[in-house]
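To start, the structure itself, in structure tokens.
Each reported figure results from applying straightforward, stated rules to the coordinates on display, with no laboratory input. Worth saying up front: this structure is predicted, and the values here are computed from it rather than measured. Methodologically, a virtual Cβ is constructed for each residue, glycine included, from the backbone with ideal geometry; neighbour enumeration extends over all protein chains shown.
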Amino acid sequence: MALTFRKLHRHFVGESSPIELRSVFDSDTLAAIRAGMDEYAVLVFRDQGFSDAEQLAFGERLDGRLHQGTGSRAFTKSRLGNEAISDISNLDPDGEIMQADDRRRHYTLGNRLWHTDASFVDPPGRYSMLHARVVPPVPADTEYADLRAAYDTLPAETKAELEGLRAHHSVAYSRHLLGFEFSPEEQEKVKGAVHPLVRTIPRSHRRSLYLASHASRIVDWPIPEGRLLLRDLMEHATQPEFVYRHAWRVGDLVIWDNRCTMHRARPFDDTKYRRELRRVTTLDIAEPALAAAGS
Ligand code: OGA
Ligand code: MN
């Protein structure tokens with residue numbers, strides 16, 4: 001049966017008709033999912049039974065090469081033994097809920113700032129695929145903002161002003177905002193990256209803001225002026241009309257396009273309840289193999 005998507009928000013987010021992604025290998029279905037991503041930017045798949053290996057393999061089939069972990073690698077190793085599968089949980093290396101003062105927890109709390117994955121490296125993240133394994137009995141949602149719709153609704157003068165601007169993204173900057181400091185040796189491993197502030201998404205040809213709390217300055221601008229522009233744009237892009245809130249069910253796989261969305265985790269009592277999700281993120285690089293994937 002053909003794959004269909006039901007729109008969950010005025011601007012973006014599609015919920016897929018039933019499908020078991022770990023057994024999807026045919027190029028037509030993979031192409032239909034990519035087309036869904038072009039249109040909706042966020043796709044929700046219910047009842048997925050992925051193991052880590054199956055989630056990794058699906059990520060590669062859908063979108064090519066995977067990120068091998070990013071910011072946290074500067075100071076810790078994953079408890080999962082494979083840096084390509086990110087441990088999005090509140091558990092320590094022994095599988096116990098992290099203590100309030102655990103440094104790894106403080107780093108993880110940075111996910112509660114609006115961001116887009118791996119924008120502080122080059123290549124940044126393209127698709128992130130987050131799978132819910134254990135969800136708390138209280139709301140512990142994730143919010144997404146549509147940066148294409150946010151761009152479209154900017155005044156023409158602002159769009160003209162943004163043309164050609166580039167932003168520097170740094171995880172040391174965004175973590176510092178929350179009081180988390182990398183040591184000088186760790187900072188050597190997270191130097192940041194420069195990306196255009198407005199992007200055109202290949203295939204859909206839609207224009208999008210490219211923003212995140214990691215964005216620390218506008219290249220060639222005085223720092224305060226750049227930060228104020230970034231704040232204004234973040235404020236604009238995260239107005240309720242551009243935001244979808246996802247309430248997780250066990251088995252949900254949510255795929256988002258980091259090139260044209262931001263997301264953030266919402267607070268819950270994370271020193272009390274277990275929350276375990278696993279994420280695979282692809283590299284935002286040209287994919288000749290995928291371009292030929294129709295064959
Ligand atoms: C992520 C992320 C938010 C959440 O996995 O990249 O930011 O709600 N997750 O866990
Ligand atoms: Mn994230």
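What's the local net charge at residue 184, with K and R +1, D and E -1, over the other residues with C-beta under 15 Å away? Walk me through the numbers before you get to the answer.
Working: positive: 175, 189, 191; negative: 181, 185, 186, 188.
Surrounding charge for residue 184 is -1.
For the chain, give me the percentage of DSSP beta bridges that are antiparallel, rounded to the nearest 5 percent. Please list the in-between numbers first.
Working: 45 of 47 bridges.
Here the share of antiparallel DSSP bridges comes out near 95 percent.
Explain nothing, just compute: Karplus ³J(HN,Hα) = 6.51 cos²θ - 1.76 cosθ + 1.60, θ = phi - 60°, for every residue of region 231-240 in order, whole Hz, x for Gly and Pro.
Listing the rounded values in order: 4, 4, 5, 4, 5, 4, 6, 10, 5, x Hz.
I need the shape label for region 23-158. Rule: rounded when a/c is under 1.5, else prolate if a/b > b/c, else oblate, with a, b, c from the alpha carbon gyration tensor. Kindly include the intermediate steps, with their values, before the conclusion.
Details: a/c = 1.69, a/b = 1.22, b/c = 1.39.
Oblate shape, in that a/c is at least 1.5 and b/c is the bigger or equal ratio.
What's the Kirkwood radius of the chain in Å, using all Cα pairs? Don't skip to the end; give the middle numbers.
Details: mean 1/r = 0.0512 Å⁻¹.
One over the average 1/r among Cα pairs gives 19.5 Å for the chain.
With 23 Å as the cut-off, how large is the P(r) tail for region 132-261, expressed as percent of Cα-Cα pairs? Walk me through the intermediate numbers first.
Values: 3610 of 8385 pairs.
Summing the P(r) tail past 23 Å for region 132-261 gives 43 percent.
Counting Lys and Arg as +1 and Asp and Glu as -1, what is the net charge of the other residues whose Cβ lies under 12 Å from the Cβ of residue 165?
Computed value for this residue: 0.
With the contact rule set at Cα under 8 Å and sequence spacing of 6 or more, what percent relative contact order holds for region 5-283? Mind dumping the intermediate values first?
Numbers: 545 pairs, mean separation 94.1, N = 279.
Normalised by residue count, the contact order of region 5-283 is 34 percent.
What ranking of 248, 221 emerges when the number of other C-beta atoms within 10 Å of each C-beta is taken as an exposure proxy, fewest first? Could the numbers behind the result be given before it?
Working: 248 21, 221 16.
Going from least to most buried by this count: 221, 248.
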